[in-house]
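Some notes on the structure that comes next.
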Amino acid sequence: MKLFYTVIFFSSLTSAAFAREESVLARVTSYWAGEGHKYASTGQRLRSGHCAVDPKRIPYGSKVVFPDRACTAVDTGPAVISRKAARLCGGTASQLKAIVVDRFFETKQEAMAWTSAHPHFMTLQIVRPGSHAEPSQL
C-alpha cells in the first residue's frame, strides 16, 4: 500500500513539472539598444527575443509568449518591478494590477512599430524554465 501512495505522490510531482505554464495580463512596453542598453541584468548581451520581467513573478529563463513570438526573460529594471506603466495607464482594476513586461528590440524603429501595432495590455503565456510544455500560441 505504501508503494501505491509513493507512486501517486511522485506522479503528481511529475505532472506539476510538465504543467508549469500560465497566462497573465501584462502591460507591455519596449526598449532598445540605442537607449544605452547592451547587457541584461543577468549578464547576457541583449538581443531581439529578450525581455525584462520582475524575476519574483516570472523567473529568468522563462519563455514569454507574445502574439508574434516567444521571448526569453533575461533582464529586469525598476519600472518593471514597480509596475509603473500599468499603474499609470491602467483603466480597469485588472489592468492596474497587471505585471509589466518590457520587450527588447535592436532599434527604436522596430520598438515603436511593434508598440504601435499592438495593444498596451495583453494576455501573455509564461512557460517557466524546466517545463516540458511547448508554447501553444506559436
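Values quoted throughout were computed directly from the atomic coordinates according to the rules given, and no laboratory measurement underlies them. Since the model is a prediction, treat every value here as computed from it, not as a measurement. Backbone-built Cβ (ideal geometry, glycine too); neighbour counts: all protein chains shown.
At a 10 angstrom cut-off on C-beta neighbours, averaged per residue, how do the peptides 30-41, 93-104 rank from highest to lowest? Let's see the in-between values first.
Details: 30-41: 14.6, 93-104: 18.4.
Order by mean packing, descending: 93-104, 30-41.
Model label sites at residue 81 and residue 120, defined 7 Å from Cα along the beta-carbon direction, differ in position by 2.4 nm. The lysines within cross-link reach of residue 38, meaning a Cα-to-Cα straight distance under 29 Å and a gap of 8 or more places when in the same chain, are 56, 63, 84, 108. If you stretched the chain out fully between residue 22 and residue 48, how much longer would it get, using 0.36 nm times the residue separation minus the C-alpha to C-alpha distance? Result for the pair: 7.1 nm of gain on full extension.
Relative contact order of region 20-127, taken over Cα pairs closer than 8 Å and 6 or more residues apart, is 46 percent.
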